[in-house]
Structures are given as structure tokens and as C-alpha cells.
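The values are calculated or read from the model by the stated rules, or taken from the named source; none is laboratory data. Everything quoted here is computed from the prediction, not taken from an experiment. The protein model used for the area step is the full one, side chains on, heavy atoms only, and it has no ligands, DNA or RNA in it. Shrake-Rupley method; radii C 1.70, N 1.55, O 1.52, S 1.80 Å.
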Amino acid sequence: MESGDVVLKIDNDDDLVSDASSHSKDYAEMLAQARAWHKPIEEARLKNQVLPGQAVRLIQASGCKRGKQTIRKWVVDDSCIAPDDDNDIRAIGKAFNAPFSDEDIKRMRTAEKICLGKRISKGRSVTNESMRLFIEEARNGNSFEAAEQVFAEAHSDQGELRVFYVDWVGDERGTTRRGWYTG
């Protein structure tokens, strides 16, 4: 990055990336397999009316060392594909009396990698489409500022796009006309 550069910051709409990916039958099947660790939580919440806070305490009592907020995200966030650590999955199984074998966890991890790869790929294609739309708007309006405004009005379903103008760069940080940009 150098002084005078223009930087586009694109924040894709996570729902758009997830929803677009989930339209594929194969993706839906892989996601269900990757999220098999969540099934005991869902069953406990439905059958026993276990509240999220109770689920968090049960998982912590089963030996999970993660913080309450992390565990709560696993319990309530449907976009969470899988916990980071196999021991976390084991603790969830133990908490709800539905232990997972090493083979179960291996299947979940394989499916997780496929799902994450598809989400990353879809995210890239959404980003590329956002860039294409922005460039088209910039050419039509002959202005980055106008293109940013038109993009926000016409293509907000893609996510948020912001334009930064680099004034100077130094030690991995640059200043822009709209604040700091850290690269």
C-alpha cells in the first residue's frame, strides 16, 4: 500500500454467504454432518426444555475449558459449524449423555472442512461480485464517492462497501481521509 492508493473494504453479508451456500443439497447434507455435535444440545433444549444458560453450565461441568460466551455461541448460533477443538465436542457429548467416538468426530471434521471451503468460496464470489458492481457504478458516475453511495443504496444486500484514500503509510499502518486503515 502506498500514498495515493484507494482501498475498498468489503464486508459481505454473512447471511447471504450462508444462505447461498445452503441452497445446495450436498452442502445441506455436509452441514448436518458437520453440526452433528449440536444434536444433543438441540434434543436437550426441546425435550427437557434446557435453557441456553443451563446448557452452558452443563458443558462447562463436563470439562470444557472455554468461556461462557464461546459456549453460548455454540448453543444458540446456528451459523457456528463446529467448535475448534475435539475435546470441546467430547465435552458437549458428555454433558448431554451422548458421547461421540473418535470416528464420529473425524466425520464431523471432514464435513466441517468441506462446509468451510464452500463458504470461503462463496464469500470470494460475493466479494468479486461486489467489486464488479462497484467498478461498474464508479465508471457510470465517474466517481468513487458516487459509486460508494449508489452501491449502498442499490446493492446493500451484498454487504457493506467503503472506500478509503491512503494519505500516508508507515509501520504497517496508514492514515486515510476516513480514519485509520490497518493492513
Q. When the chain is treated as a GNM, springs tying every alpha-carbon pair under 10 Å, which of LYS118, LYS73, LYS47 comes out with the largest mean-square fluctuation?
A. LYS47
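By how many nm would the segment from GLU2 to SER125 grow when fully extended, if each residue of separation counts as 0.36 nm and the alpha-carbon distance is taken off? Numbers along the way, then the final one.
Details: separation 123, 0.36 × 123 = 44.28 nm, distance 2.67 nm.
Result: 41.6 nm gained on full extension.
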Q: Calculate the tail of P(r) for the stretch 29-118: the fraction of all Cα-Cα distances greater than 15 Å, expressed in %.
A: 54 percent
**Q.** Largest to smallest accessible area among THR110, THR127 [probe 1.4 Å]
**A.** THR110, THR127
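Any of LYS68/LYS118; LYS47/LYS94; LYS25/LYS113; LYS65/LYS118 with alpha carbons more than 23 Å apart? Name them for me.
On the way: LYS68/LYS118 29 Å; LYS47/LYS94 17 Å; LYS25/LYS113 17 Å; LYS65/LYS118 30 Å.
Listed pairs above 23 Å: LYS68/LYS118; LYS65/LYS118.
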Q) Among ASP86, ASP11, ASP77, which one shows the biggest mean-square fluctuation in a GNM of the chain, springs joining Cα atoms closer than 10 Å? A) ASP77
(Q) If the elastic network links every pair of Cα atoms under 10 Å, which of GLY63, GLY159, GLY123 fluctuates the most in the Gaussian network model of the chain? (A) GLY63
Q) Using heavy-atom solvent-accessible surface (probe 1.4 Å) with all chains present, what is the largest-first order of PHE144, PHE134? A) PHE144, PHE134
Q: Please give the contour-minus-distance gain from LYS106 to ALA154: 0.36 nm per residue of separation, less the Cα-Cα distance, rounded to one decimal in nm.
A: 12.9 nm
